[in-house]
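One structure is given below, encoded as structure tokens.
Laboratory data are not the source of any read-out in this text; all were calculated from the coordinates shown. Everything numeric here is computed off the predicted structure, so don't read it as measured data. So basically every Cβ, Gly included, is an ideal-geometry build from the backbone, and we count neighbours across all protein chains shown.
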Amino acid sequence: LSRELSVSRDREATTQDGVRVTLRANVELPAEAILARDHGAEGIGLYRTEFLYIDRSLPPTEDQQFEIFRAVVETMRPMPVTLRTFDIGGDKFMSSLKLPPEMNPMLGLRAVRLALSQPEVFLEHLRAMVRASAYGEVKIMIPMIASLSELRQVRVLLEKAIEQVKARGLPCADEIPLGIMVEVPAAAVLVDLFAQEASFMSLGTNDLVQYTLAVDRTSRSLAYLASSFDPAILRLIRSVVRAGEGWACPVSICGAMASDPLAAVLLVGLGMRDFSMEAAAIPEIKEALRRVTLVEAEAVAREALRFGTSDEVEHCVAEAFAPRL
Ligand code: PEP
Ligand code: MG
């Protein structure tokens, strides 16, 4: 471990006026858990499990998945690991689960929709996660939630998976929180209802920007429109944070927005305290937050919420903080 990293790892993630912020890591491959720890991550806020299904002709077996989840959970213990159920489809094409050709895959059979269409494959996946919960703190998160009925259907399947694991005499945690990604505008609009039924919510701003602004996240020619500083996105984030506070449902963010220093400061001003990002970004974001106060961040967030364009928002935040970050 380099000296720089170990110094950064031991520094607290707090604003200059002492407000504690949690920084966790987004990981894809199991080996990245060690990288996450080395960069000072306080757990894994997003484990993208779809990478288990890539480049293979058959889906991974329950045991293969379990071994990988267990390794990640044990590496991070006692810190929590949020396992996201597979987000296959959209721009994440896979070889081992067959997807129908669609005109608009981003609006098609993706993530939880695909999972619910193949309950046996999904149950194996859930059982592997349930089994891993015996080895550390595991949370399960569902991607692409657009309606309460999807959350309820997943809960029924999760309970079934827990029963099946117990029936085999295998250990699992007494409680496994089940949360959702808020990355489809419908979930953000109905957030007060989701806050009452989900154990936690995590903002997926990559997709939330794509679906709210109707801009394909892979499009180069439209990249200039896909700004997480867009006022529509800020309002959605604000209302998700408020609903989380109001209903005592923890809210975090795991979209790439969290790893941009200016955006991270703005997010703290909007009330966000729990971030997940690629491990390599953690030291920089920690330093950025240590250079600003909550009072300033809140003042800038209030001002930013009054603007009507992403350029104005970004300019306002940059003017206040860019010289320091
Ligand atoms: C997101 O959509 O913001 C997100 C974190 O998930 P992914 O990038 O894997 O779709
Ligand atoms: Mg997403």
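Sorting the segments 274-284, 73-83 by their mean number of nearby beta carbons within 10 angstrom, highest to lowest, gives 274-284, 73-83. For the chain, the calculated P(r) over all alpha carbon pairs, in 10 Å bins from 0 to the bin holding the longest distance, is 6, 26, 35, 24, 8, 1 percent.
With contacts taken as Cα pairs under 8 Å and at least 6 residues apart, the chain reaches a relative contact order of 19 percent.
Close Lys pairs in the chain (alpha-carbon distance under 27 Å; sequence gap of 8 or more, or different chains): 5. What the Kirkwood sum gives for segment 1-115 is a hydrodynamic radius of 16.0 Å, with every pair of different alpha carbons counted. Computed across segment 255-325, the Kirkwood hydrodynamic radius from all distinct Cα-Cα pairs reaches 12.1 Å.
Report the antiparallel proportion of the DSSP beta bridges in the chain as a percent, rounded to a multiple of 5. Around 5 percent antiparallel, to the nearest 5. For segment 168-325, the equivalent ellipsoid derived from the Cα gyration tensor has semi-axes of 27, 19, 16 Å, listed largest first. Computed from the Cα positions only, the extents of segment 84-225 along the three principal axes stand at 54, 36, 25 Å, in decreasing order.
Based on alpha-carbon centroids, what's the gap between segment 97-128 and segment 44-79 in Å, whole number please? Taking the Cα centre of segment 44-79 as reference, the centre of segment 97-128 is 17 Å away.
The modelled label-to-label distance between Leu1 and Ser219, using points 7 Å beyond Cα along the C-beta direction, is 4.4 nm. In a fully extended conformation the segment linking Glu12 and Arg242 would gain 80.2 nm over its present Cα-Cα distance, using 0.36 nm per residue.
Put a dot 7 Å past the Cα of Glu298, heading toward its Cβ, do the same for Asp91, and the two dots end up 3.6 nm apart.
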